[in-house]
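All remarks here apply to the structure that follows.
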Amino acid sequence: MKVSARNAIKGTVKTVVPGAVNTEITLEIAPGIEMTAIITKISAEELKISEGKMAYAVIKSSDVLLAVD
């Protein structure tokens, strides 16, 4: 796999929560450390995402936002 994004983190799919349009996927990237992504339901089906499968969280820095009060 080659992508232009510089941040690709490998993990194990811990949970898959399908919805009507989107699917919420949680990856365990280290013991006790998780990342959650929401992708389209069709994308999850095409990627054959399932619990226990290995996957990558690919992060493009221009799309990561954080805020606090």
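The values are calculated or read from the model by the stated rules, or taken from the named source; none is laboratory data. Please read all numbers here as calculations on a predicted model, not as lab measurements. Here the Cβ positions follow ideal geometry from the backbone for every residue, glycine too, while neighbour counts run over all protein chains shown. Quick note on the areas: whole protein, heavy atoms, side chains included, nothing else; ligands and nucleic acids left out. Shrake-Rupley method; radii C 1.70, N 1.55, O 1.52, S 1.80 Å.
Side notes on the structure shown:
- Hits in region 21-34 - residues which are within 17 Å of L47 (Cα to Cα) and loosely packed, with under 12 Cβ neighbours inside 10 Å: V21
- Where a residue in region 2-16 is open to solvent by less than 70 Å² (accessible area, probe 1.4 Å) and its partner, wherever it lies, is among the basic types (K, R), with Cβ under 7 Å and at least six apart: A5/K60; V13/K53
- Count - residues of region 1-47 that are outside any strand (DSSP E or B), modelled with pLDDT of 95 or more and among the β-branched types (V, I, T): 2
- Matching residues, region 35-63, being over 20 Å from A5 (Cβ atoms) and surrounded by 11 or more Cβ atoms within 10 Å (Cβ to Cβ): K41, I42, E45, S50, E51, K53
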